[in-house]
């Protein structure tokens with residue numbers, strides 16, 4: 001009897017300890033990362049940064065803000081580079097002061113997503129306050145359909161400013177649309193070590209994320225083990241001259257330090273690579289930190305560290321292909 005109980009416990013523990021990376025055929029104990037660039041399509045400079053980070057650097061993936069003005073430019077790039085790993089940065093906010101964008105579905109269909117200027121709300125809190133779950137689903141479906149109409153098949157979906165994670169109803173619609181279109185969604189359903197530390201998630205929240213991860217897996221979609229979403233807030237220490245080179249070196253070291261803390265499994269690492277020109281500062285003052293992300297992705301030192309540590313760089317496209325083979 002004792003042996004039987006021990007065997008059952010051991011099997012359950014082994015299942016719990018099995019990462020989604022291992023389930024997808026990566027070696028046991030492997031650290032697998034998606035180096036992911038947000039905000040493609042937001043501006044010409046955003047497109048240029050994403051393209052440079054992937055073509056000349058080590059970034060492996062990007063996602064596109066479909067309501068924004070420079071989406072056609074990035075989609076044209078995708079047509080010329082058809083194996084690029086590119087998804088949808090599902091956008092429900094329009095946060096900048098002077099550069100605004102309206103919902104793809106139009107105000108008449110999603111009035112709760114539209115502010116007095118005719119654009120999306122600037123803040124996540126206003127989206128939660130004014131928009132219904134039906135409106136959120138209508139808008140994200142409209143963004144998927146716009147991509148497909150342009151000949152752009154998304155490899156995944158994620159959430160701009162985390163808006164789709166701001167309420168249980170929004171999460172439910174996000175998961176629903178991903179499963180309906182059979183498009184992988186950014187959702188950490190594994191051990192969630194980094195994102196739990198960042199957000200201070202409770203045991204109840206962790207259990208919920210694992211349940212959703214299992215649901216996505218059963219629906220035939222790949223699942224993340226963890227999420228790295230810290231780099232946007234990395235600021236150089238006081239006393240460091242704020243030059244482009246210094247910012248780039250600083251962020252390179254920050255990535256190296258944080259990658260040393262990665263646990264086995266698939267971790268999506270979020271960044272914002274931009275090559276800011278003369279006019280980007282009229283959109284946002286975040287140009288320096290975005291340019292530093294780009295410098296880090298182009299850094300030989302970071303590339304050498306990843307190779308030395310045996311970290312595997314992957315894409316959402318590869319994860320979906322591996323998951324399909326298991327069906």
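FYI, it's all coordinate maths here, none of it is from the lab. As the structure is a prediction and not an experimental result, all values here were calculated from the model. Positions of Cβ are generated from backbone atoms using ideal geometry, with glycine treated the same way; all protein chains shown enter the neighbour counts.
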Q | Pairwise centroid distance, computed over Cα atoms, of region 12-73 with region 79-126, Å | A | 20 Å
Q: May I ask you to derive the relative contact order of region 25-326, considering only C-alpha pairs under 8 Å and at least 6 residues apart, and to give it as an integer percent?
A: 25 percent
**Q.** Inter-part distance where region 276-325 and region 140-218 are each reduced to a Cα centre, Å
**A.** 21 Å
Q: Sort 18-29, 57-68 for me by packing, meaning the mean count of neighbouring Cβ atoms within 10 Å per residue, highest on top.
A: 57-68, 18-29
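As an exercise, use a Förster radius of 35 Å and the Cβ-Cβ distance of residue 123 and residue 245 to find the FRET efficiency, rounded to the nearest 0.05. Please list the in-between numbers first.
Numbers: r = 34 Å, r/R0 = 0.98.
It comes to 0.55.
Restricting to Cα pairs below 8 Å that are 6+ residues apart, what does the relative contact order work out to for region 116-186? Please round to a whole percent. Intermediate values should be presented prior to the final figure.
Details: 48 pairs, mean separation 24.8, N = 71.
RCO, region 116-186: 35 percent.
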Q) Each label point is 7 Å from the Cα along the Cα-to-Cβ direction; what then is the distance between the points at residue 99 and residue 258, in nm? A) 2.2 nm
(Q) Across region 85-176, what fraction of all alpha-carbon pairs, as a whole percent, falls in each successive 10 Å bin from zero upward? (A) 18, 53, 28, 2
Q. What does the highest-first list of 294-303, 129-138 look like by mean Cβ count within 10 Å?
A. 294-303, 129-138
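With both partners inside the chain, how many of the DSSP beta bridges are antiparallel, as a percent to the nearest 5? All intermediate terms of the calculation are to be shown ahead of the outcome.
Values: 1 of 24 bridges.
The antiparallel proportion sits near 5 percent.
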Q.
For 316, 234, 247, which order do you get if you count the other beta carbons within 10 Å of each Cβ and list the fewest first?
A. 234, 247, 316
Q) Sorted by packing (mean other beta-carbon atoms within 10 Å per residue), highest first, where do 207-218, 260-271, 32-43, 162-173 land? A) 32-43, 260-271, 162-173, 207-218
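Over region 31-180, what is the percentage of antiparallel beta bridges among all DSSP beta bridges, to the nearest 5?
Expressed as a percentage, antiparallel bridges in region 31-180 total about 10.
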Q | Against the rule of thumb 2.2 N^0.38 Å, how large the Cα Rg of region 216-287 comes out | A | 1.45
Q.
Can you compute the equivalent ellipsoid semi-axes for region 25-326, i.e. the square root of 5 times each eigenvalue of the Cα gyration tensor, sorted largest first and rounded to whole Å?
A. 27, 25, 19
Q | Simple label model, 7 Å out from Cα along Cβ direction - residue 327 to residue 107, nm | A | 4.1 nm
Q: Determine, from the Cβ-Cβ distance of residue 285 and residue 207 and an R0 of 30 Å, the FRET efficiency 1/(1 + (r/R0)^6), rounded to the nearest 0.05.
A: 0.15
Q | Full-extension gain in nm, residue 309 to residue 278, via 0.36 nm per residue minus C-alpha separation | A | 7.4 nm
**Q.** With eigenvalues of the C-alpha gyration tensor scaled by 5 and rooted, region 274-316, Å
**A.** 29, 11, 7
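Rounded to the nearest 500, what is the 222 nm mean residue ellipticity of the chain from helices alone, with -39500 (n - 2.57) per DSSP H run of 4+ residues and division by all residues? Let's see the in-between values first.
Numbers: 13 runs with 151 residues, N = 327.
One gets -14000 deg cm²/dmol as the mean residue ellipticity at 222 nm.
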Q: Quick one: plug the Kirkwood hydrodynamic radius of region 181-316 (C-alpha pairs) into Stokes-Einstein at 37 °C, 0.692 mPa s, and report D in µm²/s.
A: 197 µm²/s
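Which whole-number percentage describes the relative contact order of region 37-167, with Cα contacts under 8 Å and a sequence gap of 6 or more?
On the way: 219 pairs, mean separation 33.3, N = 131.
Normalised by residue count, the contact order of region 37-167 is 25 percent.
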